[in-house]
Amino acid sequence: MIKIDPEAWRVMVAHAEKTYPDECCGALIGEMSGETAEDGARVVREAVPMRNSYDGPQEDRYQLHPEDLLAADRAARARGLDVVGIFHSHPDCDAYFSETDLKNSCPWYSFVVLSVQKGRFHHAASFLPDADQTRADKEELIHAEDSDPHTAAAVR
């Protein structure tokens, strides 16, 4: 299970809508399952928007720049936190984990995919890839409700 704090959720949705019709991407900073995480879940305290460094058409693919991810990891560790996941958007299609997503995944991260339809957030899903990168199981995703109706929901 992954739980996303309200401000982190707002940052993710805003980044996805701002970069539309291209895919957005970013890091999820927080606590892994364990003593400090709530209910054994990964808890996202902060979302860090990053630039999509993919060299081709960005409306159907993203790539994190390695230095950006490393900088986010260092900043998180300095505060006693971890990179617990990656988020990206799927413009004008569903929130699913594609073959490209799976091939480029890391089994120690949660991958949250946000569906953005016609420039507005529509729905989201989270996935946990296996160590072989042969499949990614859907993970329970809980994000905080807020007063904005297009982001107010808990996805299970």
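The values are calculated or read from the model by the stated rules, or taken from the named source; none is laboratory data. Quantities reported herein were computed from a predicted structural model and do not represent experimental measurements. Counting neighbours? That spans all protein chains shown, and the Cβs are built from the backbone with ideal geometry, glycine included.
See the values below:
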item	result
Subset of the range 25-58 that is over 18 Å from HIS143 (Cβ atoms) and surrounded by fewer than 16 Cβ atoms within 10 Å (Cβ to Cβ) - its residue that is modelled with the lowest pLDDT	GLU35
Count of residues meeting criterion [modelled with pLDDT under 95 and either touching a strand residue (DSSP E or B) at 6+ places or on another chain (Cβ under 9 Å) or surrounded by 14 or more Cβ atoms within 10 Å (Cβ to Cβ) (or both)] in the range 65-77	1
Every pair of residues 6+ apart whose Cβ atoms lie under 6 Å, when the first sits in the range 59-77 and is in contact (Cβ under 8 Å) with a residue 12 or more places away in the chain while the second is surrounded by fewer than 16 Cβ atoms within 10 Å (Cβ to Cβ) and in a loop (DSSP other than H, G, I, E, B)	GLU59/PRO21; GLN63/SER53; HIS65/SER53
Residue in the range 62-79 that is within 15 Å of the chain's Cα centre (by Cα), closer than 21 Å to GLY119 by Cα and charged (D, E, K, R) present	no
The lone exception for ASP68 - which of (1) within 22 Å of PRO6 (Cβ to Cβ); (2) in a helix (DSSP H, G or I) it fails	(1)
Among residues of the range 80-134, those that are of a type in the set (Gly, Ala, Ser), assigned to a strand (DSSP E or B) and either buried (at least 20 other Cβ atoms within 10 Å of the Cβ) or over 12 Å from the mean Cα position of the chain (by Cα) (or both), counted	5
Qualifying residues in the range 129-156 (those that are at pLDDT 90 or above and small (Gly, Ala, Ser)) - the one nearest to GLU17 (Cα to Cα)	ALA136
